[in-house]
Each structure stands twice: as C-alpha cells, then as structure tokens.
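Shown next, in structure tokens, is the structure this report addresses.
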Amino acid sequence: MKDLIKQGLRLGSIFGVVIIFLILFGLTSTLSDILGEFVNLESRTRTGNPGGLMILFALLSLWAGSSASASDRSNWKSALVSGVSVSLIIGLFVAAFILLVGFLDSADVEMRDYLAQLDHLSVQFLLYGRSLIAGVLITFGIFLIFGILGALLAYWYEAKQAGEVIQKQVLVLKEKALDSKLAKQYKENPRSKWIGYGLLGLVVFITPQFLGKYWNYAMGTVGIYVLMGLGLNIVVGLAGLLDLGYVAFFAIGAYTAGLLTAPAPLPLQIGFWPVLIFSIVMAAFAGILLGIPVLRMRGDYLAIVTLGFGEIIRVLIRSDMLAPYVGGPQGIRDIAGPSLFGIAFSGKAYLYLIIIAILLIILFTNYLQNSKVGRAWMAMREDETVAQAMGINTLYYKLMAFATGAAFAGLGGALFAARNQYTGPADHTLMVSINVLSLLIVGGMGSIPGVIVGAFVLKGLPEILRELDLYRLLVFGGLLVFMMIIRPEGIWPAPRRRMELHEGELDVLPPEESLVGKEG
Amino acid sequence: MSILETRNVTKRFGGLSAVDNVTLQIPEGSIYSIIGPNGAGKTTLYNCITGFYPADEGDMLFNGKSLMGLSPDRITRLGISRTYQNIRLFPAMTALENILVGAHPQLKSNYVDAFLHTPRQRAEEKKALEDAQDLLNFVGLKGKGDLFARGLPYGEQRRLEMARALANKPKIILLDEPTAGMNPNESVTMMRFIQSLRDELGITILLIEHDMKVEMGISEFIYVLDFGQLIAKGTPGEIQKNPQVIESYLGRGAA
C-alpha cells in the first residue's frame, strides 16, 4: 500500500511539473484550441478555448490515473489508492500554480517580463474566465475526478481481460488474413505483386487531383526531398559514406538549371529539358570531382570534409566576387519552368513531373541495389578492407556512389529551381543536408519505402502541424526524439538494418526479398 | 613451375621486422603450409602477398608476374583468394550475398548495365546466383542462403568464408588458420574439405596453421617461420624431427 502511494506521488509530481511547463510554454492554449474545435466549443477568451482546456486536463489526468494503476491492478482498492494519490498530487501542483499566478495577476504584478506567456488574458483563460477561487477549484476537481476515473477504468478494463481478448482477436484476424485465399494467391502469383504496384500507382496519380494549391506545393517539396533522400540513401545507406555536404549537389543542380535558363545574370535562356539533363550531369561530375581527393578518407573525416564542401558551395554562390556570374545573395530570378508542346507545367502538372522523376529514380535505385554494384556498396559499408580483398575496386565504387547520389540531388535541385522559378543561397543551407540525412534516419536507412515515409514525416508533418503554430517545431523535435528511442531503425527500415539493431530477433531475410527463390 | 613465389620479402614496422627476408616457392596444384608460433609473422606475410601491406624489400611473383605495387583488389582479380584468422564475413549480408560479393571479379557487367538492368546483366546475374547456390551446397550450407552471415554458427561461418573465397574462382587460396576454434573432429573434417578443393577443383592451397598436428596430415611441404624469419622448410616428416623447430615451439632445452 505504501509503495502504491509512493509511486502515485512520484508519478503525480512528474505529471504536475510537466503540465506546469506546458502552461508556461503556452502549449496548453494551442492544444485546448484544437480540442475545443474538435468538439465544437466556442472560444470565450482570445488566448484559448476554456472548454478545450478542461478536456485537455481531463485527458491528461485520465492518462496519469491509468498509468499510475499499472503497477497493481489486481483489485479495485489498490487501483483506487494509486488513482487518488496520483490525481491528488497533480491537482495540488497545477491548482497551486494557477492559484499563484491568478493571485499575482489580481495584484497587478507584471509577470510577462519573466514569463512571456503569462499575460492577463492567459491567466483569465487558465481560470476559465471565472473567479480565482472557482477556477482553481474546477482545475483541482477535474484532476481529482478524472485521475481516479482513469485508474478505475484501467482496472475495469484489465479485470474484464478485455485487453487480452482483443489482442487474441487481432491475432486470429491476422492469421485469417494471411491464410485467406487472396493472400495465398498474392503470395503464389508474382503477377499480383504488379497489380498491387498498379493500384498504388493509381492512388499516387489520382491524389494530386484532390489537393489544393497549397498542398500541391507542399507535396512537391516532399517529392523533391524524396529525390534527394533516394540519392543520399545510396551514399550513406548503401555505401556507408557519411556525406554532410549533400546540399552542395542540390545547389549545383539548382544553379545549373537557373543560370542556363534565366535571363540574368547570364543571358543564355536555354530550354528546360536539355538543361535538366545537363544539371544532372554537372552534379554527377561535381560528385566525382569532390570524390577523387576525398574518398580516401573514412568515416568521420569524410563527414567533416563533405560538410566543408557544402559550406564552400554556399559561400561561393553567396559571394559578391561571383555575383556577376551566379547572382550573389539575391540569387537567380525568372528561371524557366518546363513546358511540353507549348503548354507550361505548373501546379498539378509539375507535381506529376516530380512524381515521374521519383518513380524513375526508384526504378534505377532498385536495379542498382540488386546488382553487383549494390552488393559492392553494401560490402564496402560492412567491411571496406575485406571488400577490397574480394576484388572490389573500392575507390571506383565509392566514386560511383558519390556520383549517383549527386546526380539524384542535381535532378532534385533543377526541379526545385524550375518550380520556384527562383533559387538563391538561402535555399542551400546546411539545414538541407541535415534534413535529408534526418529523413533517412527517421524513415529507415537503406530502404526505399523508408525514404518516402521519412520525407513525408520530415517535410510533410511540419505542414500538418502548422495548426500548432509556433510550437510545431518543438512538437516535431519531441516526436523525432521519441521515435528514435522507440524505433531506432526507422519507420520502414530495410530488413538487414532492423536485424542489426535487434539482435537475435530476425536473422533471415523476409521471403519477398529472398534470393534463393529467384534462382532458376 | 611455382604458381606463387616470394623472394627475400621483408616487412618492417618501425624497428621490428615482422617478415624478414622470406623466400617461398609454392608449386601449382600443391598443398603447402606455413607454421610458426604466435607473432611469427605468418599473417603479415599473407597481408604482403595480398597487397594490404606494401613489402619493404624483395619481390613477389604470381605465375611469374610481379605483385609488387598492385592494389589488393587487382591481386584478388589475378586469382588469389584468402580467408581470415578471425572470420571476416559481411555480417549484415546473407550467406548467398556474401558469396555473390566473392564472385564480384567474375561478373563482367558494368555500372551502366546495372543501372539500366540490361538483358546481359540479368542473364549474368541469374547465372551468378545459380553458381553461388551451388557453392553454398558444396560447403554444406544448403538451404541457408537467406540467413544473415552473423546469425550462422561458428563452423558454418568458416565454411561460408571459404565459399566466398572460392566464388572468385581462384588459382590459389591462402587460408589463415582454417581450423582455429574447432575441436579435433571438426578439424579433420575441415582438412578433408581443404584437400578436396585441391583434388576436385585443382586449386593450389597455402595454409597457415598454429597447431602442428593438423598440418602434418595434408601438407606436402612446410615452411616454418619464427620471429619473421624462415627457420626451416621440408616435408612434414623432416620438420617433425628438426631440432630448431622443436625449440621454437617448446622453448630452448626441449630438444
């Protein structure tokens, strides 16, 4: 019993402190707005939705109560004890805090000098627009009632063994699904795989029709990041060369496209399509040029040198010295977009162009990955010395990895510049390299679907989180940290990567990747 | 005619001569071995032959052609394969993939073929996969092609490493303590297997062993290294009686 209370108190104080921080950061008002809108409560103060705040507090205390009772749910008494102790503490913490700020506010103390979020309106919002005593009591009451409710609900759920039953049902359903005729046909008939791809393709091609202008643009950005991710996936994921200056090739692609198609600073104005090819070639060439001196280095040294290279490119395109040739800090304007038979690509059409580019790159990546080139890259990543002893010319294959990755980035850069009809130094900062690398890590290193998922999470999720306003990057960062803790191999990892991080769980390739099956 | 020859090869690390003036001659189709106590310079000699350490002095010839100054991958492509004392597979690649990496020099398709998945590349890839499967069966790992190398038991890892070395279709294979960590029974099986490589595939074998007994069974000729120097050479019978060899293994006075 004592232990239960102790644990409840501990958990309660953690929850209490976290909630106070949420309030201090002003996150509660944002979240309560979302919740309030969700249940259609009308907003009564300018800083947030009081009804939403109540719901938020109730949800938090339900959560606290149920997790407090997790240690002992054998009988309802112990569940009640943990529920009471945890909710009492949270209630006390938060209510005391609100009482304090409410009191200070009514005494006309200016708290905003220290805590930006605590202006008069915010305090009124925390008190649900009521009097000091009423607001504090409501808060305390919500925490107490819902905390206990949470603990009891968790107990009830467990007592009925609802959890187990549902789990069993899910398992049975899963087995049934796997055993079903359809699944068998799917497994036995290789053609059905193509039907699956076809359906997926159909979805991909129809979706842009339903997207508004803004989402079309946002998805285009995601798509360009997918292209870059696929390129860096070859360099880092397959060949194991840590490249932190990947943005350099993106910039070279973008600037090649820009300089050759825009009227200024160079009056060339060549058409988009030949320039697109040329941008890819230029980026690949730059990859080889950088690769020759650099690729004799291994690991960390390579990372630092490439980091420097990325910065050099950015500084060069920004410099006043080169401004007459590459546009300087202002960048390049009026870059020509593509057109076919006199019709210009824009909006939806441009998104399709990006999708087609992605599909082509996926196809080529897939070919490379399952060839002697892909195996040579993987072998180098695993053990460079032994790879060389296997007759692999490691320098050549590193250069090829670098050039391939650079070419994909160059394609991404050219598409990016032509879409925006502008490119400048601000588009090519270190953040781009970091973002692309992060999307690989989040999605799953060395996995093509992982790259796509990663790009959506990294570039798409912030767009969705725009609702959260200022805090989207905070929430986003938190999500990333959380994900790396619970799933370090990424969301959709390659099987070998999963195996590396979960020793003993998986030591055989899944059947769809089997090489044995392909023989003969 | 010797397939592999070293002439007065010396490799120094700082002041220490790890390999000191060593001359070997390995005839084609033979099973030769190098023995010696720990730190005698056996593995260093292998590293010189395979190009990982540039030899400071001397010359090394493969079929009469000098290996000096060639990169490790070039040397492998000439037809020299090796295994490692502490197994060095590609752990996160499957057994079959490991063998396919070993077959790398045998595959003639180039980067563009791979990128565009040309018919020529597809045909070659299919053939390579069949060959790899055969090799897998040959070393007794049938049905384990999709297992990741690091999930295999120790003995199977050794055999997989051997299969990977064979995939290069070598003319000579340098084995570094292939029976390390095995019990006497396993060692005998391994040695029979090695002998079959020579008898059935006609591959010249050079062995490094630490333990003398295993050698004597299949080796036709033995070189003994100690402190980087060649202290004796001869048939197993001669080596067993050589007082200098006994001394270096058992210490002064034992002879």
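The values are calculated or read from the model by the stated rules, or taken from the named source; none is laboratory data. The shown structure was predicted, so the numbers you read here are calculated from the model rather than taken from an experiment. Ideal geometry is used to build each Cβ from the backbone, glycine not excepted, and the neighbour counts take in all protein chains shown. We work out accessible area using only protein heavy atoms, side chains counted, and drop any ligands, DNA or RNA first. Shrake-Rupley method; radii C 1.70, N 1.55, O 1.52, S 1.80 Å.
Could you please find all residues in region B:116-126 being facing chain A (nearest Cβ under 10 Å) and either in a helix (DSSP H, G or I) or aliphatic (A, V, I, L, M) (or both)?
Once the filter is applied, which keeps residues that are facing chain A (nearest Cβ under 10 Å) and either in a helix (DSSP H, G or I) or aliphatic (A, V, I, L, M) (or both), region B:116-126 yields B:L116, B:Q121, B:R122, B:E124, B:E125, B:K126.
Within 30 Å of B:R159 (Cβ to Cβ), modelled with pLDDT of 90 or more, open to solvent by less than 50 Å² (accessible area, probe 1.4 Å) and touching a helix residue (DSSP H, G or I) at 6+ places or on another chain (Cβ under 6 Å): which single residue out of B:I231, B:I208, B:I218 fits that description?
B:I208
Restricting to region A:342-375, count the residues that are in a helix (DSSP H, G or I) and at the interface with another protein chain (Cβ under 8 Å from one of its Cβ atoms).
Of the residues in that region, 7 qualify.
For region A:242-287, what are the residues that are in a helix (DSSP H, G or I), touching a Ser or Thr at 6+ places or on another chain (Cβ under 7 Å) and in contact (Cβ under 8 Å) with a residue 40 or more places away in the chain?
A:V247, A:G253, A:A254, A:Y255, A:T256, A:A257, A:G258, A:F272, A:V275, A:S279, A:M282
Just to be sure, is A:A349 open to solvent by less than 40 Å² (accessible area, probe 1.4 Å), closer than 23 Å to A:G229 by Cα and touching a strand residue (DSSP E or B) at 6+ places or on another chain (Cβ under 9 Å)?
Yes, satisfied.
Just a yes or no: is a residue in region A:498-505 more than 14 Å from chain B (Cβ to nearest Cβ), modelled with pLDDT under 90 and surrounded by fewer than 17 Cβ atoms within 10 Å (Cβ to Cβ)?
Within region A:498-505, not a single residue is more than 14 Å from chain B (Cβ to nearest Cβ), modelled with pLDDT under 90 and surrounded by fewer than 17 Cβ atoms within 10 Å (Cβ to Cβ).
Looking only at residues that are free of Cβ contacts under 8 Å to residues at least 40 places away in the same chain and of a type in the set (V, I, T) in region A:95-126, which one is surrounded by the fewest Cβ atoms within 10 Å (Cβ to Cβ)?
For region A:95-126, the residue satisfying everything is A:V109.
With (1) at pLDDT below 90; (2) closer than 29 Å to A:A336 by Cβ; (3) open to solvent by less than 10 Å² (accessible area, probe 1.4 Å) as the list, and A:K459 as the residue in question, which single condition is left unmet?
Result: A:K459 fails condition (3) only.
Take region B:33-42 and flag every residue that is crowded, with 22+ Cβ neighbours inside 10 Å and out of contact with any Asp or Glu (no Cβ under 6 Å at 6 or more places or on another chain).
B:I34, B:G41, B:K42
Please tell me if B:D59 is open to solvent by 40 Å² or more (accessible area, probe 1.4 Å), among the acidic types (D, E) and free of Cβ contacts under 8 Å to residues at least 60 places away in the same chain.
Yes: the conditions hold for B:D59.
When you look at A:V326, is it in contact (Cβ under 8 Å) with a residue 40 or more places away in the chain and more than 32 Å from the chain's Cα centre (by Cα), yes or no?
So A:V326 fits the description; yes.
Can A:L411 be described as under 23 Å from the mean Cα position of the chain (by Cα) and modelled with pLDDT of 95 or more?
yes
What are the residue pairs meeting all of these: first residue in region B:1-25, first residue closer than 17 Å to B:L207 by Cα, second residue part of a loop (DSSP other than H, G, I, E, B) and open to solvent by 30 Å² or more (accessible area, probe 1.4 Å), Cβ atoms under 7 Å, and 6 or more apart or on different chains?
Correct list of pairs: B:I3/B:E28; B:I3/B:N63; B:I3/B:K171.
Report yes if some residue within region B:65-73 is closer than 30 Å to B:G14 by Cβ, facing chain A (nearest Cβ under 8 Å) and among the small types (G, A, S); otherwise report no.
Looking through region B:65-73, at least one residue is closer than 30 Å to B:G14 by Cβ, facing chain A (nearest Cβ under 8 Å) and among the small types (G, A, S).
Name the single residue, out of those in region A:414-438 being among the aliphatic types (A, V, I, L, M) and over 25 Å from A:V481 (Cβ atoms), that is farthest from the chain's Cα centre (by Cα).
So the residue we want is A:A418.
How many residues are open to solvent by 50 Å² or more (accessible area, probe 1.4 Å), of a type outside the set (A, V, I, L, M) and at pLDDT 80 or above if we restrict to region A:13-69?
Adding up the residues that qualify gives 2.
Would you point out the residue of region A:192-237, among those that are closer than 25 Å to A:G374 by Cα and at pLDDT below 80, that is most open to solvent (accessible area, probe 1.4 Å)?
A:W194
Tell me, which residue of region A:439-452 that is within 16 Å of A:F482 (Cβ to Cβ) and under 8 Å from the mean Cα position of the chain (by Cα) is surrounded by the fewest Cβ atoms within 10 Å (Cβ to Cβ)?
The qualifying residue surrounded by the fewest Cβ atoms within 10 Å (Cβ to Cβ) is A:V442.
Looking at the structure I just gave you, is A:T394 surrounded by fewer than 24 Cβ atoms within 10 Å (Cβ to Cβ), in contact (Cβ under 8 Å) with a residue 12 or more places away in the chain and either touching a Lys or Arg at 6+ places or on another chain (Cβ under 7 Å) or outside the structural domain of A:R487 (by TED's automatic domain parsing) (or both)?
No: the conditions fail for A:T394.
When you go through (1) in contact with a strand residue (DSSP E or B) (Cβ under 8 Å, 6 or more places away or on another chain); (2) without any contact (Cβ under 8 Å) to a residue 40 or more places away in the chain; (3) among the hydrophobic types (A, V, I, L, M, F, W, C) one by one for A:I335, which number turns out not to apply?
(2)
Among B:P105, B:P54, B:P91, which is within 11 Å of another protein chain (Cβ to nearest Cβ), open to solvent by 10 Å² or more (accessible area, probe 1.4 Å) and more than 19 Å from B:P178 (Cα to Cα)?
B:P105
If we scan region B:190-205, do we find a residue that is in contact with a helix residue (DSSP H, G or I) (Cβ under 7 Å, 6 or more places away or on another chain), outside any strand (DSSP E or B) and among the basic types (K, R)?
No; the residues of region B:190-205 include none that is in contact with a helix residue (DSSP H, G or I) (Cβ under 7 Å, 6 or more places away or on another chain), outside any strand (DSSP E or B) and among the basic types (K, R).
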